Structures are given as structure tokens and as C-alpha cells.
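The values are calculated or read from the model by the stated rules, or taken from the named source; none is laboratory data. Owing to the predicted nature of the structure, the values given are computational and were not obtained by experimental measurement. Here Cβ is always computed from backbone atoms with ideal geometry, including for glycine, and neighbour counts include all displayed protein chains.
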Amino acid sequence: MSEADPMDKAHDKLSDRASDRASDKAREMALIARASAGDRAAADLLIRQHQSSVYGYILRMCGRPEVAEDVVQEAFVRVLTNLDRFDPRFRFSTWLFTIARRVMLNTLEKKRPTSDTDRTESAAGRAEAVETVYEGGERRLATRDALITALMGLSFEQREIILLFHQHEWPIWLIGEHLGMPEGTIKSHLHRGRLRLREILAEQACVKGSAASRAEEAWL
């Protein structure tokens, strides 16, 4: 019995992935419709499905947990209030991130007296505080804080593009559409941001050790 053609196998895998994406999209749209109609359980499920990724994105953008918590809460209030305005031709996560980003920018504008330097020092302090602990979840916290400290050393544009590309796996064209930038500009920011992030993490590894090294291995 002859083996299946590798091209046929690849085609079958692509077809399965496309089918899975279509099924996921259909389930998500049904959930959105229920939440929009006032189904509290559906709204709660929608929040749980996206809350972690949105919080992680905002935290790494601003470097301040208390701000990230407020932003995420306000973003979901706005999302649930305006579900009837969601255009199903687009990805729900893209719409959600756009709203969360807008809330974050407005919040940071109101809290402007805290400088970027202050935020970097605050994140650095958190990284140093947990660096002495090396087990389990606390080790992951140390790695996370080392990464946040490094990300805060990038420009706002570089930080956001790197997060969307690496953490959330958005394609270049979607990041460009989301930020209103040409794809070439996105690629340029991504390249320069990676180089700068690698430099910062290497510097941290020399000073603070393992947490920064783990962050570099995980992201770069």
C-alpha cells in the first residue's frame, strides 16, 4: 500500500486548520450575539476568554499593574456596551485590542505626571524584588518583570509592535492596519525593537542574572 503524497497531507492539514478557524469564528459570533442580547453567562465567558491576553498586553505596554487592571476593566465595559457595533467581518480580538489601546492612551494621558523613567524604575524594582526567588510561579514572575523592564526601554511604537507580533502572533499586515502604518514601517520598527530589546536584556542579564536571560531566551 503506497504512502499518501506529502502534498496531499499538507493540503489536508491546511483544510483542517481552515475548518477549525471557521468553527471557532462561528462559535465566537454565536457567543457575541448572546452577550449582545443580554445573556450574562455569555458576557462572562467572553470576558474570561480574552481577559488574560488583554491584561498581558496592557501591562507590558504601560509597565504598571494598577493601570493595566483599570484599563482592562474599562475596556470590557465599553466592549460589552457596544457589542451591537462590532463588525463581524473583522476579528473580535482586533476590535477589543483597539478599544483597550484607546482606553490605555487616555488613562496614561491623565496620569502623565508619572514619567517613563519612573515607570521603568518601578518595573526594575519589582524585578529585583522577585529575582531572589527561584522556584515555581515566583520564577515566572521574575522573568515577566525582567521582560517588562526591558520593554519599557523601547519606544512606544516598538514596544507595541513587538507585543502584537510576538506575544499575540498578529501578522504584519494586521498590525499595520491596527496602527495605521505601512507594512514597511512596521517591519522597520520590529527589527529595531528586537535589536534594542536584545541589548537591554543582555545588559540586565549581566547585572541581575537568570530572569533576564530566561526572558531573552523566551522572546528572542
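Per-structure values
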read-out: Qualifying residue in the range 200-220 (condition: assigned to a helix (DSSP H, G or I), modelled with pLDDT under 95 and within 22 Å of ARG101 (Cβ to Cβ)); value: yes
read-out: First in the range 46-68 and closer than 14 Å to GLN167 by Cβ, second anywhere and assigned to a helix (DSSP H, G or I) and of a type in the set (S, T, N, Q), Cβ under 7 Å, 6 or more apart; value: HIS50/SER93; GLY56/GLN167; TYR57/GLN167
read-out: Residue within the range 150-169 that is modelled with pLDDT under 80, surrounded by 13 or more Cβ atoms within 10 Å (Cβ to Cβ) and of a type in the set (A, V, I, L, M, F, W, C) present; value: no
read-out: Flag if GLU121 is at pLDDT below 95 and in the same structural domain as GLU169 (by TED's automatic domain parsing); value: yes
read-out: So ILE186, is it outside the structural domain of SER53 (by TED's automatic domain parsing), modelled with pLDDT of 95 or more and within 21 Å of LEU105 (Cβ to Cβ); value: yes
read-out: Test: LEU59 is in a helix (DSSP H, G or I), within 14 Å of the chain's Cα centre (by Cα) and surrounded by 17 or more Cβ atoms within 10 Å (Cβ to Cβ); value: yes
read-out: Leading residue by the ranking (nearest to ALA100 (Cα to Cα)) among those in the range 161-195 that are of a type in the set (Asp, Glu) and in contact with a helix residue (DSSP H, G or I) (Cβ under 9 Å, 6 or more places away or on another chain); value: GLU177
